[in-house]
Structure formats: C-alpha cells, structure tokens
1. With θ set to phi - 60°, apply the Karplus curve 6.51 cos²θ - 1.76 cosθ + 1.60 along segment 254-269 and write out the HN-Hα couplings as whole Hz, x wherever there is a Gly or Pro.
2. What is the angle, in °, between the Cα long axis of helix 116-125 and the longest principal axis of the Cα atoms in the chain? Nearest 10 is fine, range 0 to 90.
3. Taking only Cα atoms, what is the 0 to 90° angle, nearest 10, from helix 334-343's long axis to the longest principal axis of the chain?
4. Starting from the Cα of R11, step 7 Å along the direction of its Cβ; do the same at K39; then give the gap between the two resulting points in nm.
5. Net charge near V98: determine it from the other residues with C-beta under 15 Å of the C-beta of V98, scoring Lys and Arg +1 and Asp and Glu -1.
6. Listing M242, M201, M120 from the residue with the fewest other Cβ atoms within 10 Å to the one with the most, what is the order?
7. Compute the relative contact order of segment 81-363 as a whole-number percentage, counting only Cα pairs closer than 8 Å that sit 6 or more residues apart in sequence.
8. Rounding to the nearest 20 debye, state how big the charge dipole of the chain is about its Cα centre with +1 on each Lys and Arg Cβ and -1 on each Asp and Glu Cβ.
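What follows draws every value from the coordinates through simple rules; no lab data is involved. Since we're looking at a predicted model, the values are computed, not measured. Note that each Cβ is placed from the backbone with ideal geometry, even for glycine, and that neighbours are counted across all protein chains shown.
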Amino acid sequence: MFSIFSRRSWRKVKVELLIEAENVVTPVGKEPLRGKKMKLEVLEKVYIVVNEGKIADIAESDSPYDPLFKLKAKLVLPGLVDPHTHIPFYGYREEEFVMRAQGASYLEILEKGGGIINTMGKVREASIGDLVSFNRKFLDEMLKKGVTTLEGKSGYGLRKKDEIKQLKVLKILDELHPIDVFSTFLGAHAFPKDRMKDEYMEELMDMLGDARKYTDVVDIFCDKGVFTPDIARGFLEKAKKMGFKIRMHADELENVGATKLAIELGAISVDHVLKIDDEEIELLSESNTIVVLMPGTSYFLNESFARARDLIDSGAIVALASDFNPGSCPINDPSLIMNLAVLKLKMTPEEAIVAYTLNSSAVLGVAHDRGSIEIGKRADLVLYDLPSYNAIPYLPSHDVVRAVVKDGKVVYKK
C-alpha cells in the first residue's frame, strides 16, 4: 500500500514540510470502499514528507530530509471532505427552529412560506459581495475543524439570475479560500410560489445552459411536496445529454421512488434516503451510486435516521456529509456528524472516517488525488491532539485540531 523507505545519503533532500506523526490513520486507494472493506490503515511513528503540494514519502526516519517547516502530531488523518452543503445562503431561520420544536413539520413550514422559500427571499436581496462575506466565515469555521474540500449548491435563487449568482459566489469562494469548493446546480430545490409548476420546469430547462458554464453537476429534490420522479426524469435526462453528472436529494420525506430513478439514470449519489426500503438497499448494493448520509439533518429535524448499518452490511457505498444549511441542519462540524453517525447510524468510528474522507471524495470525483494519505496524493491533512481516531466522534465539537495542511501548506495552526 505505502512505499515506505529511508534514504541514506551524505546530502539531505530539501523538502517543504515534514510531519512527525505518532499515528497516521487513513483509508487506502483511489476508489470508494464498500461494506467490510471500509477499513483504515494505521502507521505508527512515521514521517510524512510533503513537497510541491503532494505527499512525497511516508518514511520511518527523518534523517534523509531537510525540511523548510516541521510539525508534530499525535494523530494525522486525511483532510475531511464534506460532499453536501447548501453554501451559499444568506441569513438564518431561528424562528422555524422554534416552530419545529413546538411540533410543526418540514412540509408545514414550507407550505407557510418558510423553509427554502424563506431563504430564497434573503438570497435574492443579497448582493454577490454580501453572499461571499456571509459564507466565507463558515468556510473558516470548517477549515479549523479539518475540512479541506467541500461541495456547495445553488437552490436558494429559484430564478435564473439568482441561481447563477449563487454559482458565481461558489466560484469566488473557491478562488479566495484554502478549502476547495465544488459547485452543484440545484435550481430544482423547490417550486417558487409565484410561478406555475410547468412554467418553472421550462425555466429550469433553460437555466441548464447558463449553469453549465459554472458546474458539470446537477441535483434535484425528488420527494413528496417537491419534484416527483415523473417530473424529475425529463429534467435529468436533458441534463445528462448536456454533459451534467447527476445527484439527487432522494426519498427523505417519503419513499416516492427517487432512489430507483437515480440508480436507473446512473446518478453519482443519492442523498438523505431516510425512507428507502429493503428493495432499494439491495439495488444500491449492486450499483455504483454512492449513498450520502447526513445524520445532522435527522437530529435537527427530530426525524428518523437512515439505515446506514443495513446499507453498509449489504455492500452499498456510503459517504457522510453535513447538509449544512440555515433551516434543517445548521451544523457544520464533522466531529459532531461522525458522533451522530456512530451513535444513531450505528456506524463504527472506522467506517465514519472512511465515509468522511475517501468515500466522500469519490462523490466529488476526486478520490484519485485526495481522501487518503498515500504517496502522490495531495497533501491535505488534519493533525489532531488526540490519542486515537476513536476519540474524534467521542469528543464532538472539542478543540482538538492542532493544524490543517492544504495542498502542502499549513493553512491553520493553533
């Protein structure tokens, strides 16, 4: 798996960064891991050698190297990858939090003009500068928690100029911030109240050409009260013909057959899937569609949790994400998401880490160059003040990240 070697030479090799690690913990490979293969390798007392933004060596001795910078850590993991957030948004929805606590459902809030429609109004009023400033602080927070790559979506504009505005903001954030920001077009997030459904579907079809200038991934909320599979099919088939890859918010509120449609169309991922049954689990186990689970949303909405244990045991590919958004999950801390994955989804800490690194990288199509600590991959690394990887979900939201390395550069350090 690793090419671990020591060089004995009278001349030391100059490198940019050397990390002395008591434990290096990582999945292995360039493809997502499924079922019983969701395992981690543990290397004790090694040195990670970083040069030109990549992992150049994993050595048993530091003697061959002359580093420009040197770090020490008890525990080193690959940079965490959050493959499903709703950045960029604007404003908060704390009133809805109180409504839900008093018994209102997600759909009831949506029907009263809350939920996605609430945030839509705020995003439409916000300028590009407003959106960049408001969301940049969230990236700062996530970086300090070990996130080095994430995905963001449009979906709070629900008309062409504001959907494209969100995609422009994601491009700017990617350029400004150390975190790599991947973009997804989610114009099919909800139906705006001021247009008929057929009229908005025509607008969505028209938006695809403009959205394609900013991203090659399209998503749709296929569920009760939003886009049914019959409506979704035509939109997604056109998107595929235009070169888009497909992702789907699927069967979160009710099993409407969205997961089956996603598998049929060769979707990259199905996300949420709280209401799927045994048949869909079997289909997923036989497919390459990745299941993105977000226990923070179930927790925050006080809803049922996804059947992660059944999915993993069947051999399906499972990734974890935050679903960070202003309404159904204002949680962006991966340690808390992993805590919920262990306690509520019945995943092992090992599985949770694989799901938040290599498998989540695969959702974004970048498992070939990140998501694990291997020679030749990007030097995206999280250094922890922890004795073992089991302590990450055990100590959610604690200040345990010592440093974060992104593309070989130290971008956060205590």
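1. 7, 7, 10, x, 5, 5, 4, 5, 4, 5, 4, 8, x, 4, 4, 8
2. 80 degrees
3. With rounding to tens, the tilt is 80 degrees.
4. 4.2 nm
5. -1
6. So the ranking, lowest neighbour count to highest, is M242, M201, M120.
7. Details: 549 pairs, mean separation 49.4, N = 283.
Result for segment 81-363 is 17 percent.
8. With Lys and Arg at +1 and Asp and Glu at -1, about 1420 debye.
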